[in-house]
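The values are calculated or read from the model by the stated rules, or taken from the named source; none is laboratory data. Since we're looking at a predicted model, the values are computed, not measured. All Cβ positions, even for glycine, are placed from backbone atoms using ideal geometry, and neighbour counts span all protein chains on display.
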Amino acid sequence: MPEKVTLLSVYRFLPQTNCGECGEPNCMAFASKLLERKFTPENCPPLKKPKYKEQMAKLIELIAPPIKEVTIGTGNSIVKIGGKEVMYRHELTYHNPTAIAIDVSDTMDDGKIVETCKAIETISLVRIGETLKLNMVAVRCASKDPDRFSYVTSLVARSCNLPLILCSFDPKNLKAALEKGQVANKRPLLYAASEENWREVSELAKQYDCPVVIFAPNNLTLLKSLIKTLQAIGIRDIVMDPGSYTEGKLLKDSINNLVMIRRAAIQRGDKDLSYPIMAVPAIVWMGEKQDPITASYKEAYIASLFMNRYADLLIMHTLEIWALLPVLTLRQNIYTDPRKPVSVEPGLRAIGKPDEKSPVFLTTNFALTYFTVANDLESAGINCYLLVLNTEGLAVEVSVAGGQFNSSNVKDLFLSSGVEKMVKHNKLIIPGMAARLKGEIEDSTNWEVIVGPRDSSQIKGFLTKYWA
Amino acid sequence: MAIFFGDDYEEKEEAKALIKSLAKLIEKLGDLEIENVEIRAEELTFILQPMVGVMAQAPQLLPKVEKAIETLLKTEFSPPIETYPGQIAEVQIGATRSDGGSRKKVVRIGGEKTMPFYSFEALNPNRLAFAMDVFDMPVVLAKSVKQHFEDVMHDPADWAKRCVEDFGAEIISLNLISTDPLIKDTSAKDAAKTVERVLQAVDVPLIIGGSGNKAKDPFVLEAAAEVASGERCILNSANIDNDYKRIARAAKKYGHIVVAFTPMDINNQKKLNRLLLDEGLSKEQIIIDPTTAALGYGLDYTLSLMERIKLAGLLGDSDLQMPILASTSNSWGAREAWMKSEEWGPREYRGPLWETVTTITAMMAGGDLFMLSHPATVRVIKGLMENLYGEVDTDQRIQDWITDIGM
Ligand code: SF4
């Protein structure tokens, strides 16, 4: 069983000179930052001196998370996957959100390839102040032609600045891409070493210092054997693909495999399985021509299923935004720090240039609700006041049901915000989903309460009707 | 000054030496302070906190001489199986003629011995179950949901029939929202009539929900419980701050099940469960609703709460050993599910997918009973379940996926 790391056990490998070069006042402070993962051992310059070589190595081992962190790409184009420490997210924040790659086939024509790469790179959605994006491109050798594959690899590398996954089970294709595809020094992820090709693929991984995927569909003994072998050859950056079956009984097996692998690594300390896991929801697109809507729908929920069961990297195929949006949103949800409520400061906000006749709206301090409402008011050009109620970071519906959204809280907010002095009327617009609190809020504040729309996107139309 | 270094620190001698050097350090730097790091007990506990869960790893020992390897190194994998001291209670929803009701089939949920779909270590005895939402008056629904029910929305009995006969609902979740004093203020007695009509129209078990009005719901549910006597319906819901006693008494007297609803708070959930147990309900008569938030709107809280509750139950906390209800149709509150938007693509697909992904997440986290709105979600989730229970044979081959994905 793995043992717990203590502050002291980390401290003892530091130089203990308190020189302050790391920017911390002393080594003990540095040690605590190491444990919070705000620093890595490299952030202590003296530790990099030759005389500390052994201590450095020991420290790195000591604080390594049970799941190795693997870096794909170089420079400003990198993705880190793995680095996980727990089985359940309430135990500690998950690190390194699941990376999402979209595939590009080398059988597409050049124009389409460039277009797809641009699309992958530009898709972005802003939610709760965070930009959600796709992370990688998986170049597939479907042509079975090494020359074409290496040409397309370099075309993709020139068309976007995302880290790459090179996909072929035939080592000569991977070799061609590494030799002539102008990605040799970019540390692409090699997909994949299998029972048949591991000798050649591991040779390439070593020669070009690339992270490599081990593919062992629904066979965990084989997966372990391959990993043991590659470790012995000297390969350190491994990603595991235990096979992403998307149908029938085999889907059940795939889900079980993911749980078994992660549990073996985290709870049983199995070093052979302590690597990031990947899955390929794009597999739903295999075979006869697929209906693009059905396949995108299925791919999205299969991706969600794998993401809910530890996938650190996904290769997907769809570029339909309606299918990617829920997957990207789920990733944001799963990787939010469970110890921090997603909330904003309660209080009174001025939107635009309100005056004493401007309407007053009420909303909650759940960050997403607040940003959505504020954004809708702003983009509709409404000058108004927005009262932000402390609902402990819960959304309107939930906090009305749960009682955090209540009339005495509203009364307190009235007093603390001084809203009564800001306007010359006494009308408050509350969210449609809080309609049932109308009477209570009227009693507690002595203001007239107007029930607003259920969604703030409809505020503009609402105002023209109800606000003279 | 007390210094705690955790009990699991074994190399005591070394520790002593270190404490000494620490002490020296403290001396040198004056007082009990190393600048920003005061070594006071509370502070140190604070510093130590982030370490919980940070596991050490034995050195990754790679053979020093990396010689050419010709054949695969042999090894064994044995499934890391755990057994849990606790088990989730089994709840029977609905009653057939033979046990005092009139349903054609009952639905059993709960009884878990392990986390959902960990079938490598244990088989949970019951399938997850799915209910569809019906309201006792026409309501505002997302367009893509509404189109399937528009013609039956004026009649809850027809609406329920549509769900059962056309969309395969296993349970009907009847929401008596018109009882809300701010909506129609339908009396408890009239609401109970609606319950009777729905019970006659369909032969599946029922979840009976109030309007969310804390003062009135207990009376509405009590009246509904009486007319549905013996049917083993689910009364939705008892809260810490409503007259949960009235609801619990009605459930006991007329043979029903009670939903214990709390807004995202595991401690209050425990408290409410215990209050209901104290009222004389058995674990087999309680279902937990820890609040289901939609994808993107707090689903992260829901997911972690459900996992914590399920794990606690499996580990033996008898106050949390009841099955979990997930109101995943709440997904339709998310604007991503219903709002027209160029940027997000067609809502006809986006909406049901939003509900599907919310439901899958709750399924994987420990939900037992789900409320759904869109027929497509019901169909997709049922198909997925059959796969996850290993009931569907397949000869899917994925070895050639790299070359065989269509464009
Ligand atoms: S740089 Fe290293 S030696 Fe210097 S104070 Fe920081 S941790 Fe200690």
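Given (1) of a type in the set (A, V, I, L, M, F, W, C); (2) part of a helix (DSSP H, G or I); (3) within 15 Å of the ligand (Cβ to nearest atom), identify the lone condition not met by A:Val114. Failed condition: (3). Looking at A:Leu222, A:Leu226, just one residue is crowded, with 23+ Cβ neighbours inside 10 Å, farther than 30 Å from B:Lys382 by Cβ and free of Cβ contacts under 8 Å to residues at least 60 places away in the same chain, and that residue is A:Leu226.
Look at (1) more than 8 Å from chain A (Cβ to nearest Cβ); (2) assigned to a loop (DSSP other than H, G, I, E, B) and you find that B:Glu343 fails only one, number (1). Just one residue in the set A:Leu62, A:Leu34 is surrounded by 20 or more Cβ atoms within 10 Å (Cβ to Cβ), more than 30 Å from A:Ala323 (Cβ to Cβ) and within 13 Å of the ligand (Cβ to nearest atom); that residue is A:Leu34.
Of the residues examined, A:Asn256 is not one that is out of contact with any strand residue (DSSP E or B) (no Cβ under 8 Å at 6 or more places or on another chain), modelled with pLDDT under 95 and in a helix (DSSP H, G or I). The residues of region A:139-165 that are within 14 Å of another protein chain (Cβ to nearest Cβ), among the hydroxyl-bearing types (Ser, Thr, Tyr) and buried (at least 19 other Cβ atoms within 10 Å of the Cβ) amount to a single one, A:Thr153. Looking at region A:10-23, which of the residues that are within 19 Å of A:Ile63 (Cα to Cα) and within 8 Å of the ligand (Cβ to nearest atom) is nearest to the other protein chains (Cβ to nearest Cβ)? Out of the qualifying residues, it is A:Gln16. Quick check: is even one residue across region A:26-35 more than 8 Å from chain B (Cβ to nearest Cβ), over 29 Å from the mean Cα position of the chain (by Cα) and over 30 Å from A:Leu190 (Cα atoms)? Yes: one or more hits. I'd like the full set of residues that are more than 16 Å from the chain's Cα centre (by Cα) and among the hydroxyl-bearing types (Ser, Thr, Tyr), limited to region A:83-116. A:Ser105, A:Thr107, A:Thr116 - these are the residues of region A:83-116 that are more than 16 Å from the chain's Cα centre (by Cα) and among the hydroxyl-bearing types (Ser, Thr, Tyr).
Of all the numbered requirements in (1) within 9 Å of another protein chain (Cβ to nearest Cβ); (2) assigned to a helix (DSSP H, G or I); (3) touching a helix residue (DSSP H, G or I) at 6+ places or on another chain (Cβ under 7 Å); (4) not acidic (Asp, Glu), A:Tyr245 misses one, and that requirement is (2). Condition test on A:Val5, is it within 12 Å of the ligand (Cβ to nearest atom) and touching a residue at least 12 places away in the same chain (Cβ under 8 Å)? For A:Val5, the condition - within 12 Å of the ligand (Cβ to nearest atom) and touching a residue at least 12 places away in the same chain (Cβ under 8 Å) - is not met. On inspection, A:Lys438 qualifies as over 17 Å from A:Ile351 (Cα atoms), free of Cβ contacts under 8 Å to residues at least 60 places away in the same chain and touching a strand residue (DSSP E or B) at 6+ places or on another chain (Cβ under 9 Å).
Tell me, yes or no, whether region A:166-176 has at least one residue that is surrounded by 24 or more Cβ atoms within 10 Å (Cβ to Cβ) and over 21 Å from A:Ala279 (Cα atoms). Yes, because at least one residue in region A:166-176 is surrounded by 24 or more Cβ atoms within 10 Å (Cβ to Cβ) and over 21 Å from A:Ala279 (Cα atoms). Of all residues in region B:351-395, those that are without any contact (Cβ under 8 Å) to a residue 24 or more places away in the chain and crowded, with 24+ Cβ neighbours inside 10 Å total 1. Please indicate, with yes or no, whether at least one residue in region A:413-421 is among the polar types (S, T, N, Q), surrounded by fewer than 17 Cβ atoms within 10 Å (Cβ to Cβ), within 39 Å of the chain's Cα centre (by Cα) and more than 11 Å from chain B (Cβ to nearest Cβ). Within region A:413-421, one or more residues are among the polar types (S, T, N, Q), surrounded by fewer than 17 Cβ atoms within 10 Å (Cβ to Cβ), within 39 Å of the chain's Cα centre (by Cα) and more than 11 Å from chain B (Cβ to nearest Cβ).
The single condition among (1) more than 8 Å from the ligand (Cβ to nearest atom); (2) in contact with a strand residue (DSSP E or B) (Cβ under 7 Å, 6 or more places away or on another chain) that A:Asn26 does not meet is (1). The set of residues from region A:37-54 being more than 12 Å from the ligand (Cβ to nearest atom) and free of Cβ contacts under 8 Å to residues at least 12 places away in the same chain comprises A:Lys38, A:Pro50, A:Lys51, A:Lys53, A:Glu54.
Restricting A:Leu415, A:Leu428, A:Leu463 to those that are free of Cβ contacts under 8 Å to residues at least 24 places away in the same chain and farther than 30 Å from B:Ser327 by Cα reduces the list to A:Leu415. Reported count of residues in region A:187-219, each being in contact with a strand residue (DSSP E or B) (Cβ under 7 Å, 6 or more places away or on another chain), closer than 21 Å to A:Ile315 by Cα and crowded, with 20+ Cβ neighbours inside 10 Å, is 15. Looking at region B:360-381, can you tell me whether even one residue there is in a helix (DSSP H, G or I), facing chain A (nearest Cβ under 9 Å) and either of a type in the set (D, E, K, R) or farther than 29 Å from B:Val258 by Cβ (or both)? Yes: one or more hits. Out of all the residues in region A:135-162, which are more than 18 Å from B:Trp401 (Cα to Cα), in a loop (DSSP other than H, G, I, E, B) and of a type in the set (Asp, Glu)? Matches in region A:135-162: none.
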